[in-house]
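Comments concern the structure below.
Every read-out reported here was derived from the displayed coordinates using simple, explicitly stated rules and does not represent laboratory data. Since this is a predicted model, take the numbers as computed values, not measurements.
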Ligand SMILES: C[S@@+](CC[C@H](N)C(=O)[O-])C[C@H]1O[C@@H](n2cnc3c(N)ncnc32)[C@H](O)[C@@H]1O
């Protein structure tokens, strides 16, 4: 493959943008700036790098709804945390979910998600590394979070806020890039939250397809019916 091959160059540029985003160490100002500049070309880049997380997360959410939740799928309130341009919302909609809300740190990415028409409501400027105070406790049957527990983005502690927002007996489906799970305390955070009675690990699909160049893990967690409601500090 020649180094002047435009397809290879575009793939390389997409990988480079991802690499830069991973180096931002959770700095919300720089992340918001990077995603503001990336919003228009983000979806094309994801195709270039073979990003398949959104479809897998949506399928897992669908399986949880089928197996455990009452009522028709299109009436199940579901939150897409770190929704980006709405790739997960598109997949959820394809599977028949109809009450999809989203939030993202980047207003530019949130606006792209709104433009898909798949969401009931999308909020920008919401930081999952802090308290997500715009969202009330126990509001959603399902919370999905794809591509957000990734290097330089959201710390494992963000799981606690997702648990707060999800209703008792509801589910969280989250992806972690493999290198993120290896480099952070995500698995320990899951164990800690489980010990505290905040979450229960239902399933983890380890080393599943995520990106062409790297696998990911897919976590299915349940808020116990009588969950301890400690909030993020
Ligand atoms: C790799 S993109 C994934 C977007 C979408 N979930 C998807 O799967 O296509 C990561 C997203 O996380 C958002 N993000 C980064 N840090 C965040 C934070 N602290 N709180 C909320 N969202 C954040 C970014 O703005 C970006 O839209």
Helix-only CD estimate at 222 nm, as mean residue ellipticity for the chain, using -39500 (n - 2.57) per DSSP H run (n ≥ 4): -12000 deg cm²/dmol
Residue with peak Gaussian network fluctuation, the chain [Cα springs, cutoff 10 Å], from 163, 136, 32: 136
Added length on full extension, which subtracts the Cα-Cα distance from 0.36 nm per residue, residue 8 to residue 155: 49.7 nm
Cα point-scatterer Debye curve for the range 108-171, base-10 log of I(q)/I(0) at q = 0.17, 0.24, 0.28 Å⁻¹: -0.66, -1.23, -1.35
Share, in percent, of DSSP beta bridges within the chain that are antiparallel, nearest 5: 45
Pairwise centroid distance, computed over Cα atoms, of the range 5-41 with the range 195-218, Å: 24
Cα-based helix-to-principal-axis angle, 53-68 vs the chain, degrees rounded to 10: 20
Rg(Cα) / (2.2 N^0.38 Å) computed for the chain, rounded to two decimals: 0.96
Global geometry of the range 41-136, whether rounded, prolate or oblate, following the gyration tensor of its Cα atoms and the 1.5 cut on a/c: oblate
